[in-house]
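Just so it is clear, none of the values below were taken in a lab; they were calculated from the coordinates. Everything quoted here is computed from the prediction, not taken from an experiment. Cβ sites come from the backbone with ideal geometry, for glycine too, and all protein chains shown count toward neighbours.
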Amino acid sequence: MKALVAVKRVVDYNVKVRVKSDNTGVDTANVKMSMNPFDEIAIEEAVRLKEKGIVTEIIAVSCGVTQCTETLRTAMAIGADRAILVETSEELQPLAVAKLLKALVDKEQPGLVFLGKQAIDDDCNQTGQMLAALGDLPQATFASKVEVADGKASVTREVDGGLETISITLPAVITVDLRLNEPRYVTLPNIMKAKKKQLDIFKPEDLGVDVTSRIKTLKVSEPPKRSAGIKVADVATLVEKLKNEAKVIA
Ligand code: AMP
């Protein structure tokens, strides 16, 4: 069974993002970019399933600019067997990515499609759900445990009230949450091996997908600055301030 894993190139989670001076977006020039952390977990899960003999081939997919090949090489260093870049300089929104992934699912016929639960740059949490809808595939989102057997996946999901375990028939879409696993470190020999692995490049047109944006960003701005905190002398003063200044208690 093949596993297809979507990996997005995003601003590294350690970088403090800055809004561009013209308020059109976030400044990404000369900023460290990395694989979306949830997607590292998705690749790791696919690799673990391959190590268990359940998955036979892992295909990493990224959609975006040429530099996404770096993200794909990292995915292959973690353990993906080959990679596909859908190359475009258009700014991609979740629906466009879901359509591209759907075209690749039709082409590759994977039994499992892993995505991160959300990309840390847009925080959309939409692509996996949209892909499942477009492909008419069962979906399990926010996975914190995945067990695959007999053409089914038993997936434990992190939901508001605690944990929910569902059984879905494969092929299916699974979006992964933080506690599913801890991704392995990429070793130098594996980075070297990854350089030789197959990486195919398509354009959205090759897959028959129109990626034109349907959403227009009007303005991006910094959150309002927080005013400095104060120290209060004792509990009585704290209660008095919460009551009369902040007015959060009666
Ligand atoms: P989002 O819906 O934007 O929060 O993204 C959820 C997940 O969809 C990510 O964790 C990735 O697995 C996948 N994804 C989103 N955008 C891309 C992209 N441009 N290339 C590859 N995968 C993506």
For ASN30 and LYS193, what is the calculated FRET efficiency with R₀ set at 41 Å and r taken between the beta-carbons, to the nearest 0.05?
0.90
What does the helix-only formula give at 222 nm for the chain: each DSSP H stretch with n ≥ 4 adding -39500 (n - 2.57), the total divided by the residues, and the result rounded to the nearest 500 deg cm²/dmol?
-8500 deg cm²/dmol
Considering only ILE215, ALA236, PRO189, whose Cα is most displaced toward the positive end of the charge dipole of region 183-250, charges sitting on Cβ of Lys, Arg (+1) and Asp, Glu (-1)?
PRO189
Local electrostatic count at GLU158 - Lys and Arg +1, Asp and Glu -1, tallied over other residues with Cβ under 12 Å:
+1
Gaussian network model of the chain, Cα within-10 Å springs - most flexible of GLY116, GLY128, GLY162:
GLY162
Mean separation of Cα pairs under 8 Å and 6+ residues apart, divided by the residue count of the chain: what relative contact order is that in percent?
23
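Restricting to bridges with both residues inside the chain, how much of the DSSP beta-bridge set is antiparallel, in percent to the nearest 5?
40
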Just rank ILE201, ILE43, fewest to most, by other beta-carbon atoms within 10 angstrom.
ILE201, ILE43
Which net charge results when you count Lys and Arg as +1 and Asp and Glu as -1 among the other residues whose beta-carbon is under 13 Å from that of VAL17?
-2
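Can you give the alpha-carbon Rg of the chain over 2.2 N^0.38 Å, where N counts its residues? Display every interim value, and only then the final one.
Details: Rg = 21.2 Å, N = 250, 2.2 N^0.38 = 17.9 Å.
Here the Cα radius of gyration is 1.18 times the empirical estimate.
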More than 23 Å apart: what percent of Cα pairs in region 104-205 qualify?
39
Relative packing of 31-40, 47-56, which averages over residues the other C-beta atoms within 10 Å, highest first:
31-40, 47-56
Taking the Cα centre of the chain as origin, sum charge times position over the Cβ atoms of Lys and Arg (+1) and Asp and Glu (-1), and report the length of that vector in debye to the nearest 20.
520
If the label point sits 7 Å along Cα→Cβ of LEU134, residues of region 38-65 with amide N under 15 Å come out as 61-64
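Given region 168-250, report the % of alpha carbon pairs whose separation exceeds 15 Å.
Working: 2865 of 3403 pairs.
Summing the P(r) tail past 15 Å for region 168-250 gives 84 percent.
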